[in-house]
Amino acid sequence: MHSLSGVMSISEKAVVDAEQLAIAEINAAGGVNGKKMVPIVEDGASDPATFAEKAKKLVQSDKVPVVFGCWTSSSRKAVRPVFKGSASLLFYPVQYEGLEMDSNIYYIGATTNQQIVPSVEYLMGQGKKNFFLLGSDYVFPRTANGIIKAQVGAAGGKILGEEYVPLSGGSNDFSTVISKIKSSGTDIVYNTLNGDSNVAFFKQLRDAGLTADKLTTCSVSIAEEEARAIGGDILKDHLVAWNYYQTTKLPANDKFVAAYKAKFGANRVTGDPIEAAYTGVYLWSMAANKAKSTDVAEVRKALSGLTFEAPEGTVTVSPKNNHISKTFRMGKIRTDGLIDEIYATPKPVEPDPFLETYPWAKEFAKQKPAS
């Protein structure tokens with residue numbers, strides 16, 4: 001259940017491909033409890049209300065045991081009530097703003113302490129003390145930027161600007177925003193734009209003469225698929241923060257990339273949400289096989305503490321919060337649109353969606369619901 005049309009289709013179509021690849025591989029290896037997985041594909045059309053409608057169809061009419069879906073936090077929040085207490089699980093494959101936990105949702109993308117927080121630590125360690133925050137106007141960027149402001153402030157840095165643009169088509173005019181960035185004197189633009197707004201922003205930034213050697217950006221929603229759409233020549237040497245790249249040097253990733261290209265074309269690229277979506281399908285199938293059932297309660301038990309050698313490395317489902325451990329990786333975009341890892345945490349980061357282990361994040365930790 002992803003956006004096959006609308007502003008988010010630039011990112012989400014490839015996620016569907018990754019899930020279809022995982023399903024095909026699992027079926028070829030014997031399926032789930034001896035049965036083939038049969039996918040039903042629904043288009044959320046980049047619209048939260050449509051996502052909620054499609055989720056109701058899948059859960060209430062089709063009675064599927066699991067849905068792999070959503071991208072934006074707005075779409076996830078729209079479908080969350082549908083899954084609450086239902087006989088279906090949702091596997092969500094994209095990094096997000098944290099501050100959420102649900103017994104029927106598994107968060108396979110990074111929470112903030114696995115992406116946002118370590119990326120800010122890295123940037124400040126490189127001498128970037130003055131931040132300009134730019135994002136799409138919806139849940140994830142606003143919440144993520146609230147966390148960044150608290151973290152940067154506690155570390156002695158400054159926020160020199162904060163701007164939001166509508167999550168709409170790529171025709172955004174960024175001339176006013178770029179003027180504010182230029183006059184701010186910022187060290188780094190922390191970019192939480194989503195969808196094809198990134199295409200317009202980076203082309204206009206380049207046209208304004210602000211290439212990465214003059215002003216670096218750090219993005220959290222541009223992976224290889226988006227980099228290809230924008231152009232590696234435009235994005236060269238800009239930074240991104242993820243947990244996986246196509247270039248990640250692991251045997252499981254070599255196998256994944258080869259299989260993805262064999263199925264969808266040698267010119268196709270993988271990326272973090274693509275890999276997380278693939279991993280999510282495998283985690284559910286492993287749990288269902290372990291439980292010898294697709295019953296939600298039994299699968300949840302089997303998922304707790306489950307470990308998988310994913311293309312990104314070893315991941316483990318946390319029994320505490322339905323997130324997974326993930327290695328953080330900072331990357332730099334190449335001219336060909338692929339991304340080179342320039343820093344990685346020495347081991348997977350345990351998920352802390354409510355930032356309970358960070359002294360500067362007490363206000364966020366208060367949002368954790370009582371158990």
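Values computed for the structure shown
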read-out	value
Residue match in the stretch 127-138 (condition: part of a loop (DSSP other than H, G, I, E, B) and among the aromatic types (Phe, Trp, Tyr))	yes
Residue satisfying condition, being modelled with pLDDT under 95 and polar (S, T, N, Q), within set Ser325, Ser285, Ser221	Ser221
Test: residue in the stretch 143-160 that is closer than 23 Å to Ser183 by Cβ and within 19 Å of the chain's Cα centre (by Cα)	yes
Filter result for Ala200 (surrounded by 20 or more Cβ atoms within 10 Å (Cβ to Cβ), small (Gly, Ala, Ser) and assigned to a helix (DSSP H, G or I))	no
Among residues of the stretch 1-54, those that are in contact with a helix residue (DSSP H, G or I) (Cβ under 7 Å, 6 or more places away or on another chain), assigned to a loop (DSSP other than H, G, I, E, B) and more than 21 Å from Pro81 (Cβ to Cβ), counted	6
Helices (runs of 4 or more DSSP H) contained entirely in the stretch 206-321, each with at least 1 residues that are surrounded by 24 or more Cβ atoms within 10 Å (Cβ to Cβ), within 21 Å of the chain's Cα centre (by Cα) and not basic (Lys, Arg)	224-230, 232-235, 251-264, 272-291
Residue match in the stretch 29-50 (condition: free of Cβ contacts under 8 Å to residues at least 60 places away in the same chain, under 22 Å from Arg142 (Cα atoms), crowded, with 21+ Cβ neighbours inside 10 Å and not aliphatic (A, V, I, L, M))	no
Condition check for Val189: out of contact with any strand residue (DSSP E or B) (no Cβ under 6 Å at 6 or more places or on another chain), at pLDDT 95 or above, crowded, with 22+ Cβ neighbours inside 10 Å and closer than 20 Å to Leu215 by Cβ	no
Selection from the stretch 50-88 of residues that are modelled with pLDDT of 95 or more, more than 23 Å from the chain's Cα centre (by Cα) and of a type in the set (Gly, Ala, Ser)	Ser61, Ser86, Ala87
Residues located in the stretch 131-181, provided they are surrounded by fewer than 19 Cβ atoms within 10 Å (Cβ to Cβ), of a type outside the set (Val, Ile, Thr) and under 23 Å from Lys362 (Cα atoms)	Arg142, Gly146, Lys149, Ala150, Gly153, Ala154, Ala155, Gly156, Lys158, Glu162
Criterion (within 21 Å of Lys320 (Cα to Cα), crowded, with 20+ Cβ neighbours inside 10 Å and β-branched (Val, Ile, Thr)) met by exactly one of Val82, Val67, Val94, Val59	Val94
Scan of the stretch 80-119 for residues that are in contact (Cβ under 8 Å) with a residue 60 or more places away in the chain and hydrophobic (A, V, I, L, M, F, W, C), ordered by number	Ala87, Leu89, Phe91, Val94, Leu99, Met101, Ile105, Ile108, Ala110, Ile116, Val117
Checking Asp173 against (1) outside any loop (DSSP other than H, G, I, E, B); (2) under 21 Å from Tyr138 (Cα atoms); (3) of a type in the set (D, E, K, R), the condition it does not meet	(1)
Near pairs, Cβ below 9 angstrom, 6+ apart or cross-chain, from the stretch 3-18 (free of Cβ contacts under 8 Å to residues at least 12 places away in the same chain and under 23 Å from Phe256 (Cβ atoms)) to any residue that is part of a loop (DSSP other than H, G, I, E, B) and small (Gly, Ala, Ser)	Lys13/Ser3
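The values are calculated or read from the model by the stated rules, or taken from the named source; none is laboratory data. None of these values were measured; they are calculated from a predicted model. Positions of Cβ are backbone-derived with ideal geometry, glycine not excepted, and every protein chain shown enters the neighbour counts.
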